[in-house]
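*Asks:* Here you go, one structure.
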Amino acid sequence: MRLIIGSRGSKLALWQAHWVRDQLAVAGHEIEVRIIKTTGDKLQNVPPEAPVPASMAQAVAETGSKGLFIKEMEEALLAREIDVAVHSLKDLPVDQPAGLTLAAVPKREDARDVLIAANGKHLADLQPGARVATSSLRRQSQLRALGPDLVCVAIRGNLDTRLRKLDRGDCDALVLAAAGVRRLGLSERITSYFTPDQMCPAVGQGALGIETRTDDARAREAVAPLDHAATHQAVRAERAVLRRLGGGCQVPIAAYAVVQNDDLHLRGLVANLDGAKIICAQAKGPATDPEAEGGAVADDLLRQGAREILDSLG
């Protein structure tokens, strides 16, 4: 069977698409990888201090920040220009367009966040006023709780670009997803790993989402063997938290689930921007009903005041 995989053009996105291509090729499929330029990729090249161009600002307003790396890929799927889209699952909005489905979620890489600091320093070794670069509000909130004297600075660009900015002294440390660093063979740059209790990961972090058209049985059947049941159950629970709370990737919401012995363990978090108020909730239940666990954690967060924090962010 011949299939066309759609991918963003970054080194990490292509690593992910090529990994899927290789798995499908082993199964005997003929695979082409087609690069699709997304609004999010274009925005990566805009300096953090610069105003966002009007066309990109409109795209943000229409799709939300969480759809910036997805919209053009899904349009290509629906137009039948590609058969499969490979995403970093944390970028995939919880509500997919009609006609598309999350057909497979392969086994997850390390879901944790990592610190990469100049001179190999650990978080506790950073001096007051040290500049830690991350544009994720989720990371900024939890960083400020861990190190109130640290200064969070915005940063854009792919992994290579961010490492170059660190090496030339634009910042003193970076916080990144372990999965991307490891997938690109840069594990030796990692100074330390944050535990999920220290910094709860983003929904779907470390996992890939393989999206197809709902009516394309051949593509769905081709990618089905790549699905890892425990990972898929875990991210379904995490995405249920996000769906109930109604947040995107630029809101300090986090959720992380693991499946152990047929039980699903889920932790969720909502924080305000300065890290002064962090609300956490946890649940454990059968892995067979991940959405119920996600809903229970979200409801617990709401009972503790999560809605007031989210509403304050506008």
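Any read-out appearing in this document is the output of simple, stated calculations on the displayed coordinates, not a laboratory observation. Quick caveat: nothing in here was measured; it's all calculated off a predicted structure. Counting neighbours? That spans all protein chains shown, and the Cβs are built from the backbone with ideal geometry, glycine included.
*Asks:* Which one, E211, E188, E238, has the greatest fluctuation when you compute a Gaussian network model over the chain with C-alpha springs under 10 angstrom?
*Replies:* Taking springs between Cα atoms under 10 Å, the residue moving most is E188.
*Asks:* For the chain, what does the relative contact order come out to in percent, with C-alpha contacts under 8 Å and a separation of six or more? Don't jump to the answer; show the numbers that get you there.
*Replies:* Numbers: 643 pairs, mean separation 61.2, N = 314.
Once divided by the residue count of the chain, the mean separation gives 19 percent.
*Asks:* Place a label point 7 angstrom from the Cα of R218 along the Cα-to-Cβ direction, then list the residues of the stretch 66-109 whose backbone nitrogen is under 16 Å away.
*Replies:* Counting backbone N atoms under 16 Å from the label point, the list is 80-85.
*Asks:* Which Cα, out of L150, V114, S135, lies furthest along the positive dipole direction of the stretch 113-193 (beta carbon charges, K/R +1, D/E -1)?
*Replies:* Result: S135, furthest along the dipole toward the positive end.
*Asks:* For helix 229-245, what angle does its Cα long axis make with the longest principal axis of the chain, in degrees from 0 to 90 and rounded to 10?
*Replies:* 60 degrees
*Asks:* Can you check what the net charge comes to around A202, using other residues whose Cβ is under 9 Å from the Cβ of A202 (Lys, Arg +1; Asp, Glu -1)?
*Replies:* My count for the surroundings of A202 gives +1.
*Asks:* If you don't mind, there's one more thing I want to ask. Assign unit charges at the C-beta atoms only (+1 for Lys and Arg, -1 for Asp and Glu), then state the dipole size of the chain relative to its Cα centre in Debye, rounded to the nearest 20.
*Replies:* 600 debye
*Asks:* Just going by the charge dipole of the chain, with Lys and Arg at +1 and Asp and Glu at -1 on Cβ, which of I31, A224, G99 is farthest out on the positive end?
*Replies:* The residue sitting farthest along the positive end of the dipole is I31.
*Asks:* If you take semi-axes √(5λ) of the Cα gyration tensor in Å from the coordinates, which of [x] 46, 31, 22; [y] 34, 21, 17; [z] 30, 24, 19 do you get?
*Replies:* Computing semi-axes √(5λ) of the Cα gyration tensor in Å and matching it to [x] 46, 31, 22; [y] 34, 21, 17; [z] 30, 24, 19 gives [z].
*Asks:* Report the net charge of residues surrounding A133, where surrounding means a beta-carbon distance below 11 angstrom and charges are Lys +1, Arg +1, Asp -1, Glu -1. Walk me through the numbers on the way to the answer.
*Replies:* Working: positive: R131, R139, R156, R162, K165; negative: D170, D172.
Result for the local shell: +3.
*Asks:* Kindly flag which residue pairs out of K121/K165; K37/K107; K121/K284; K90/K121; K11/K121; K90/K284 have an alpha-carbon separation exceeding 24 Å in this structure.
*Replies:* Working: K121/K165 17 Å; K37/K107 26 Å; K121/K284 36 Å; K90/K121 28 Å; K11/K121 27 Å; K90/K284 22 Å.
Among K121/K165; K37/K107; K121/K284; K90/K121; K11/K121; K90/K284, the Cα-Cα distance tops 24 Å for K37/K107; K121/K284; K90/K121; K11/K121.
*Asks:* Now a separate question. Would you work out which of L264, V251, V297 lies farthest towards the positive end of the dipole of the stretch 228-314, given +1 charges on the beta-carbon of Lys and Arg and -1 on that of Asp and Glu, about the Cα centre?
*Replies:* Result: V251.
*Asks:* Rounding to the nearest 20 debye, state how big the charge dipole of the stretch 81-224 is about its Cα centre with +1 on each Lys and Arg Cβ and -1 on each Asp and Glu Cβ. Working shown, then result.
*Replies:* Numbers: 20 positive and 19 negative charges, 77 e Å.
For the stretch 81-224, the charge dipole is close to 360 debye.
*Asks:* Could you give the distance between the Cα centres of the stretch 152-168 and the stretch 172-227, to the whole Å?
*Replies:* 19 Å
*Asks:* Another one. About its Cα centre, what dipole magnitude does the stretch 228-314 give when the only charges are +1 on Lys and Arg Cβ and -1 on Asp and Glu Cβ, stated in debye to the nearest 20?
*Replies:* On the way: 9 positive and 11 negative charges, 27 e Å.
Computed about the Cα centre, the dipole is about 140 debye.
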